[in-house]
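Right, one structure below, let's go through it.
The values are calculated or read from the model by the stated rules, or taken from the named source; none is laboratory data. Keep in mind the model is a prediction, meaning the values are calculated, not measured. Cβ coordinates were reconstructed from backbone atoms using ideal geometry, including for glycine residues, and neighbour counts include every protein chain displayed. Surface areas here come from the heavy atoms of the whole protein model, side chains and all, with no ligands, DNA or RNA. Shrake-Rupley method; radii C 1.70, N 1.55, O 1.52, S 1.80 Å.
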Amino acid sequence: MMETRKASRISAFLPRSISKEVLNALSDVGVHDIFVAAARSLVIKAKKGISLLLPGRDLMLDPLDQVVFLVGDEMAHPLFNLVVEKGHLAIPGMGSVISEEIEIPSKDVLFNEKSITPFDANPIPVHPYEVKGICCIVQRGRGEGVARIALDTGTCVPAINFGTGTGVRDKMGLLRITIPAEKEIIHVFTSVDEVHGILAMMAEAGDLEQPGKGFIYSYPVKKALVNMRVVRGGQQHVASIEQVVAAIDHIKGGAEWRRRERGLQKQAGSQKKFLLGLIEINLLCDGGTGADLVKAAMAAGAGGSTIQSFRHVHPSDSPLGEISPVREHCSLIIPEDQVDTIVAALKEAGAFTDRCHGQIHLRRVPRALTYMGK
Amino acid sequence: MRQHDNARPGLPLTERKGVVSNKSDRIHVSIREALGLLIPYIKSRVLTQVRSIWLIILYLIFFQKVVLGIPISGAIVIACGIVLVVIGLTLFMEGLMLGLMPLGELVGVKLPQRSGLVTILGFALVLGFLATLAEPSIQVLQTAGKSVKPWEAPLLFLLLNLYAPYLVYAVGAGVGVAVALGMVRFYYSFSLKPFIYVLVGGLCAFTVYASCDSNLKHILGLAWDCGAVTTGPVTVPLVLALGIGVSRMFASSESGATGFGVVTLASLLPVLAVFILSMFLLEMAPKPMSEADFFKPENRAVAERLLGGKDRAVQYVVIHAGPEGRLAYFDGSYDTMIRYVEEVWKDETRRKTIFGDDIEGLKRWIALHGTLNQQLFIFGNHENLQTFLLKSRNSAEEFQAGHLLAHNAIAAIKAIALLTIPLFVVLFFILREKLPQPDEIFLGLFLCIAGLGLFGIGIEVGLNRLGTQIGSKLPSSFKSIQLPEQQESIPDFDPAMVQTSISSDGKKHSFFYVKKGDHYIETPYDPKRYDPKTGRYHYIPHKGPLFSYHGGFTGIGLVLFFAFVMGYGATLAEPALNALGLTVESLTAGVFKKSLLMQAVAVGVGAGISLGVAKIIWDIPLAWLLVPPYLLLLLLTHWSTEEFVNIGWDSAGVTTGPITVPLVLAMGLGISTQVGVVEGFGILAAASVCPILSVLIFGLYASKKRESAFKESMAVGPTGESQR
């Protein structure tokens, strides 16, 4: 594989009403390049009184902003804390933020490390266990059915975006119109002890082992503060269940003490074939160019991709000003030995020219699940 | 717990199928597999359309047959028409998703990237103008305007007939300027609210002023309706896509649902344009007068100017004028008129100029509307008249299939071509981009054309007829109406059967009983209908009022309820609203579900149509119906967030599309003819105000709920302790 160097990627899911504050704070400190996409979160709304009789969903949807930016490893910690502070993320029910390790091809400069003025960050509460992220891609309309797993198991508050997927359907000629390309991307975070179980349960709920149903994978997270308030509404005890669980986590120093019903996990986790040791190529390019670039990558052997639309927020005097404010984020998950070929194909398709202003960073995907063929 | 892990990097390709492709360009799909994909796909699409339209269809049928108790004439033809509507809608919606929306999005994304503001504005102007010409909504209003009499509302008559092309151009200019203004708004990131305050305030002020002028007050309904019907199902996705693309490029830090607001402007500016046009034409129009006065020789010059020349004036008199008017036109002499009818009957070329190619037209017109003498003259005797009526009743209104197909196909091609050709021109010549996935886009455009064509035929043959029938029969719920298609000639009529009744003011009315089946129905006796020579009475049945006991209020209440449900049902089927709802759902990442938005809008439209019908029945001036809701709206707009203001005003602008408009107009026409009001416009305008109210109110409620949940969380505090 090509030479890479390490960096950090911070992703935050913030309620629309406070995302502006956080964006301003980040710009003030000197973060130049921020990407924002629309998302929604689901929580369970406790039904009270007469609404118990009424049919209908018990889910409440809230608009979120997904805020993503890249930083050097040294500034990751203070910036993470800054996001937590400005976004009030320590309050249960506000939102989630994670920091992950990524790799960038050595020659590229994707962010300006010098622009950030160093500062001291206030301490924040953390989870006393390792957090893993799960990302699941399903057909549009099925997202809530799968995301509910996170709510029903008390794992975390999931976040959902929209995107378009490419893959097998693009090889089918006009018949591809019968398979919708619109996808929902579900983000869930959980502890390292539970990630296999939750992954399997979500795969089961979404029937992901059938062809064309979707894709799910887990990825490592360096630092996280996750929104665990899955139920909104009447609290019937002196403390919410999340507070109790968090307190015991602290006492026990981890999450291994947690036990779920044996039956559920056993059913879900058995006999599933997983794909291991994959790499995710994240390509950011100008709006409208993603489809062509991804096509070139698929011709070079990539199985498929998911394209999401992001808004590029940058200060007006930024040197990155020619980059379009409308960006597309293309995610291609491939085996490690294919990375060089695919990146070369992208380069040949013009990803790094002024037409597309492409930027690449890589993320490790230790475990994934999808339809595996006959 | 063990899980079976598989697929390490060293495994053969087939095992890693999930993430690696076999690099071939095409997957071969067998016929069986292809059908297995196609059939569920087609089925699900058709079912979606059936689901959106079943409510309105079943409701109309139920209402006419069960509530009003009048059989539907030509039921089979209507049923075929409805099937065509479903098929047409399915094809059109699919074509919209596959071809039109992606094309619009492509231009919407690339145009702001490559061109400056001036190019964008020019394109916007052209697109807006062509959109008005392409979509047939204005023509539909003109058809509705046929019932307007030149002596009751001269200015309105002018606008709808002689100056009709100017009306279309004015509305087109209004829409073009609106789209361009919308782009300017995105470029400078202006809020929509000031535009709304200024425009709505100005229009309301003019409305109040116009209600005081005898001529201007009649064009108010038309002007507001013109604004309501612009932006049909082809324009909306294109304008939305352009708006979203431009606003994404230029809007600085707003997130979520930007790009809306253009449709709002495109619904308000045409109203202004029509107002301006009417001010220009005001001097040309005489003051309203009675029918007899209008046709008197001293007003002949004015009459001929309004009607467009001597020939057209004669044609108008023969076809549309009432008995006194015709008498007045023929210089007060009955014989002159009969002689004239005889001449026309004998002279084929003259007949053609008046009745067009429709040979049976004169016959049918005399049979339904003529006096007894005229009927005897044309048909010779009653038997012939009877046979003719039976024949025409059974075939409903005759239509020629070829003609129907042709003009709907042309309308469909015109609509799509006029809007997509500028897009292609911009794409290939200005942006120099090639089409991504051209096969999908062309398939989509083809489906759009086919869908629109079939949809148009279905509407004409099915929905319109149903709507007209119900519309004309609807007033039977609160007053007595005649049913001319069911007229018969009763033989062996004995005048001794006639009885006399007396009303409270001392006037005597004669009536007799007619036995129909098992019922004996009282019928008013008109001596003019009795021909002593043949002993026959020419009987036209009447119906209603259904609810005569409560002074007609229950009947009127029924009509208003009918109007509400019809508006609600028709809105749920509208394709443009569907497209908007889908876009809103995509842009807000699913927070505002399409179904929720559509329900809110549908309830609003239903309420609005009820209000509009009330306006016709009780002849409430339009100003009262529009100005108070719009003023309330200004207040609500001030309180609501920018996002909701944009979405709410836009969703009201896209309603009143190809399904609602014909139904509403047919109903308005029917009621206004029976109730005897000057014009039946204004319902659509009312139907456009109320959805904004419902969406904004819903938005305020949703925001309050979210805010209180947010505050509740914040109050709990970071460590889970309440902060005091």
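All other residues whose Cβ lies under 15 angstrom from that of A:PHE80 are scored, Lys and Arg at +1 and Asp and Glu at -1, for a net of -2.
Averaging 1/r across all pairs of distinct Cα atoms in segment B:548-604 and inverting the result yields a Kirkwood radius of 12.9 Å.
Strictly over 18 Å apart at the Cα level, which of B:LYS149/B:LYS287; A:LYS171/B:LYS434; B:LYS508/B:LYS533; B:LYS479/B:LYS515 would you flag in this model? Exceeds cut-off: A:LYS171/B:LYS434; B:LYS508/B:LYS533; B:LYS479/B:LYS515.
Computed over segment B:444-516, the range of Cα coordinates on each principal axis works out to 70, 33, 16 Å, biggest value leading. Mean-square fluctuations from a GNM of chain A, with a 10 angstrom spring cutoff on Cα atoms, peak among A:PHE35, A:PHE274, A:PHE215 at A:PHE274.
Sorted largest first, the principal axis extents computed over the alpha-carbon atoms of chain A equal 60, 55, 38 Å. Computed from the C-beta positions of A:ALA299 and B:VAL29, the FRET efficiency with R₀ = 25 Å rounds to 0.80. Could you tell me the center-to-center distance, by alpha carbons, between segment A:54-103 and segment B:457-519 in angstrom? One Cα centre to the other: 72 Å.
Distance from the Cα centroid of segment A:144-219 to that of segment B:106-171 is 46 Å (rounded to whole angstrom).
For the residues A:VAL245, A:VAL343, A:VAL146, a GNM of chain A with alpha-carbon springs under 10 Å puts the largest fluctuation on A:VAL245. Computed on protein heavy atoms with a 1.4 Å probe, the accessible areas place B:THR48, A:THR289 in the order B:THR48, A:THR289, largest first.
Roughly what % of Cα-Cα distances in segment B:142-240 sit above 18 Å, to the whole percent? Result: 58 percent of Cα pairs exceed 18 Å. Once you list every other residue whose beta carbon is under 15 Å from the beta carbon of B:LEU445, what net charge do they have if Lys and Arg are +1 and Asp and Glu are -1? Charge balance in the 15 Å sphere: -3. Measuring with a 1.4 angstrom probe and ignoring ligands and nucleic acids, A:TRP257 comes out at about 80 Å² accessible. Here segment B:401-529 is treated as a Stokes sphere of Kirkwood radius computed over C-alpha pairs; at 20 °C and 1.002 mPa s its diffusion coefficient rounds to 102 µm²/s.
Over all other residues within a Cβ to Cβ distance under 10 Å of B:GLU433, the charged ones net out to +4, with Lys and Arg as +1 and Asp and Glu as -1. Partner shielding of A:170-181 amounts to 6, given as the average count of beta-carbon atoms from other chains within 10 Å of each residue beta-carbon.
The protection proxy used here, the mean number of other Cβ atoms lying within 10 Å of each residue, ranks peptides B:499-511, B:413-425 as follows, highest first: B:413-425, B:499-511. For segment B:20-89, the Cα gyration tensor yields ellipsoid semi-axes of 43, 12, 8 Å (square root of five times each eigenvalue, largest first, whole Å).
Of the residues A:LEU175, A:LEU14, A:LEU293, the one that moves most in a GNM of chain A with alpha-carbon contacts below 10 Å is A:LEU175.
For the cross-link pairs A:LYS6/A:LYS295; A:LYS45/B:LYS711; A:LYS86/A:LYS252, the ones whose C-alpha atoms lie over 24 Å apart are A:LYS6/A:LYS295; A:LYS86/A:LYS252.
Per-residue ellipticity at 222 nm computed for chain A from its helices equals -7500 deg cm²/dmol, with DSSP H segments shorter than 4 residues left out and the rest contributing -39,500 (n - 2.57). Interface of A with B. Using a 1.4 Å probe and counting protein heavy atoms only, the two chains hide about 5600 Å² of accessible surface, both sides summed.
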